[in-house]
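Below: the structure, in structure tokens.
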Amino acid sequence: MFPELNDLLSTTPDRTEQGKLTLLCDAKTDGSFLVHHFLSFYLKANCKVCFVALVQSFSHYNIVGQKLGVSLTAARERGQLVFLEGLKSSVGLFFHTQEAPHPLQFLREASAGNLQLLYEFVQDTLKPMDGGETPWKYPVLLVDDLSVLLSLGVGAVSVLDFMQYCRAVVCCEWKLRILWRRPSQPTAQRDRSLTYQYKIQDKNVSFFAKGMSPAIL
């Protein structure tokens, strides 16, 4: 978790909000550090996290998480984190017989596109416990990243449908361009956008107003 980024977003783990859809988009830059930020952020916020990792291994996220002050291994052992490791799972899916339907079963289908099993995995992972009591604040879904599904042959409509169904289970849109929207005001007045430059360090990230980064002075 990067405190400076929390300051820009005016949030802390102590006052998180439920009901948000968070979409990370990067163009001509690597915004993957934001995934690590929000993963550690929601774990520190005591949320139940379902992480569908389609890009990197568990050990990769765990190493970065330790630098940010969280242990993914410990979070998984106590039931706070459910981690679907796409790279490892896909190997087993192709080379081993599956006794039960797999969340990534669409990879073995002739026409990839049915993400129902993946959605059901998310739904079962984040559904409320019997009795309604839970030690976690609220459920959070992280997917890294959705564009991989498109690369694997899943249609854009299927990906959008998957997002909408997951949004009905949990809701989290973040960009490096920060947009505040005030519903009670006209469109021209309710939107406020800020653009920042940033420098990634070993255990932190620094943000600068556009044009003020020491790297370009």
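The values are calculated or read from the model by the stated rules, or taken from the named source; none is laboratory data. Given the structure is predicted, the values throughout are model-derived calculations rather than measurements. Here the Cβ positions follow ideal geometry from the backbone for every residue, glycine too, while neighbour counts run over all protein chains shown.
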Some residue of the stretch 63-71 being under 13 Å from the mean Cα position of the chain (by Cα) and either of a type outside the set (Lys, Arg) or surrounded by 15 or more Cβ atoms within 10 Å (Cβ to Cβ) (or both): no
Per-region count, the stretch 42-101, residues in contact with an Asp or Glu (Cβ under 7 Å, 6 or more places away or on another chain) and either of a type in the set (Gly, Ala, Ser) or within 18 Å of Thr22 (Cβ to Cβ) (or both): 4
Ser193 vs. criteria in a helix (DSSP H, G or I), of a type in the set (S, T, N, Q), modelled with pLDDT of 60 or more and closer than 28 Å to Lys28 by Cα: no
Tabulated pairs, the stretch 103-132, first at pLDDT 85 or above and outside any helix (DSSP H, G or I), second surrounded by fewer than 16 Cβ atoms within 10 Å (Cβ to Cβ) and hydrophobic (A, V, I, L, M, F, W, C), C-beta under 7 angstrom, 6+ apart or interchain: Pro103/Leu117
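Across the stretch 1-23, which residue is surrounded by the most Cβ atoms within 10 Å (Cβ to Cβ) among those that are within 19 Å of Val169 (Cα to Cα) and in contact with a helix residue (DSSP H, G or I) (Cβ under 9 Å, 6 or more places away or on another chain)? So that I can check it myself, show each step before the final result.
The first filter runs over the stretch 1-23 and keeps only residues within 19 Å of Val169 (Cα to Cα), leaving 16-23.
Subsequent filtering for residues that are in contact with a helix residue (DSSP H, G or I) (Cβ under 9 Å, 6 or more places away or on another chain) retains 16, 21-23.
Details: Thr16: 18, Leu21: 14, Thr22: 15, Leu23: 11.
Result: Thr16.
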So Val55, is it closer than 25 Å to Leu115 by Cα and outside any loop (DSSP other than H, G, I, E, B): no
Subset of the stretch 72-101 that is at pLDDT 90 or above and among the hydrophobic types (A, V, I, L, M, F, W, C) - its residue that is surrounded by the fewest Cβ atoms within 10 Å (Cβ to Cβ): Ala74
Residue check, Leu149 modelled with pLDDT of 85 or more, crowded, with 16+ Cβ neighbours inside 10 Å and in contact with a strand residue (DSSP E or B) (Cβ under 6 Å, 6 or more places away or on another chain): no
